[in-house]
1. Can you pick out the pairs among LYS65/LYS202; LYS65/LYS207; LYS12/LYS48 whose Cα atoms lie more than 25 Å from each other?
2. Could you give the length gained by full extension between HIS316 and SER239, i.e. 0.36 nm per residue of separation minus their alpha carbon distance, to one decimal place?
3. With unit charges on the beta carbons (Lys and Arg positive, Asp and Glu negative) and the dipole taken about the Cα centre of segment 50-199, which residue among ILE57, SER105, LEU92 sits farthest to the positive side?
4. Tell me the label-point distance for the pair ILE179, LYS17, using the 7 Å Cα-to-Cβ offset, in nm and rounded to one decimal.
5. For a Förster distance of 25 Å, can you work out the FRET efficiency between the beta-carbons of THR94 and ASP7, rounded to the nearest 0.05?
6. Keeping to pairs on different chains or 8 or more places apart, tell me how many lysine pairs in segment 229-313 have Cα atoms under 15 Å apart.
7. From the square roots a ≥ b ≥ c of the eigenvalues of the alpha-carbon gyration tensor of segment 229-313, which class results: rounded (a/c under 1.5), prolate (a/b over b/c), or oblate?
8. Working out 0.36 nm times the residue gap between ALA148 and LYS259, then minus their Cα-Cα distance, what length gain in nm do you get to one decimal?
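Just so it is clear, none of the values below were taken in a lab; they were calculated from the coordinates. As the structure is a prediction and not an experimental result, all values here were calculated from the model. Cβ: placed from backbone, ideal geometry, glycine included. Neighbour counts: every protein chain shown.
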Amino acid sequence: MATTGNDISLAKHFLLKGDLVAIPTETVYGLAANAFNEKAVLSIFEVKNRPAFDPLIIHTDALEKVKDFVTEIPPQAMELAKAFWPGPLTLLLTKKNNIPDLVTSGLDQVAVRIPNHALTLELLSQLDFPLAAPSANPFGYISPTEAAHVNAQLGDKIPYILDGGLCGVGIESTIIGFIDDVPTVFRLGGLSVDEIERVVGKVNIMKHSSSNPQAPGMLKSHYAPRKPFFIKTKSEIESAGSGVAALLFDKKTANGAVKYQRILSPAGNLNEAARNLFAYLRELDLLDIEEIWAEKAPETGLGLAINDRLKRAAAH
Ligand code: TXA
Ligand code: MG
């Protein structure tokens, strides 16, 4: 098991040596390394068992520091950065040469964000390099929203987990790139499309692909539990058998055969539902049941990102 604690100087000690440290963010926990150190970045891919074609996100604590490793911040990107950083927004920007090609899987653009978590912002402010950090889960599995999730799966492979408590947003950042100057959603996430459109106007939303080299984050099968997972309607869940555990949006099913049920938000609140999503999926995945059936969230606000994760979990 990794050591877990809130000791920023210990986290810094390992990162300076080129070791990996799990860090808290408002979205999910990240598996962090010095982004300028190619060898350290390589070990992220090894520890996660992540394919080299799936690029990483760079984390920093200040807009001025972003200019150290991207060639420019175009006006629309700057507006979004000013409106939403620190926060659950990742921007695709053209990289400088100090970002190893390994970080971007050979693409010209690097994914960048300033996360909104006090402990991690303090850590970043004390470093003279940014942190490359994908979500701290084995490739393809559910993302971690608390330190114990990281420890359960990667604890024997990393020296330290910086424990910042539960992730407040609970779902990965929204990734925005610019295609012919049109803001384009590469991955739905913790910042809703409505909020983004309020700042830059209408955006495009990229369709999923299992083989789009431009957007490896759009890989269809992702965020998946180990148990067979299906999206079902409420009425299908009402007639489910006893081998089924259910993930419901706001209300329990009266079906007595379904012993295990988790309700994402009894109040029907999409932020609360996003915050609970990954932890509940993990809990259901560990039960002695045969299948997990999930009901979709309403298709609005963060419901889009929640349903995106459910669809990908069901895409095996
Ligand atoms: O909220 C988050 O974004 C979390 C926390 C830790 O910050 N990180 C995260 O990283 O979700 P990860 O590695 O699980 O997902 C990163 C995704 C990749 O799958 C990839 O699709 C996309 O970001 N990405 C990174 N660089 C890209 C690039 N240059 N072009 C297109 N997509 C890129
Ligand atoms: Mg991930």
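1. Distance filter (> 25 Å) returns LYS65/LYS202; LYS65/LYS207.
2. 25.4 nm
3. It is SER105.
4. 4.4
5. 0.10
6. 11
7. Here segment 229-313 falls in the prolate category.
8. Working: separation 111, 0.36 × 111 = 39.96 nm, distance 2.53 nm.
Between ALA148 and LYS259, full extension yields 37.4 nm more.
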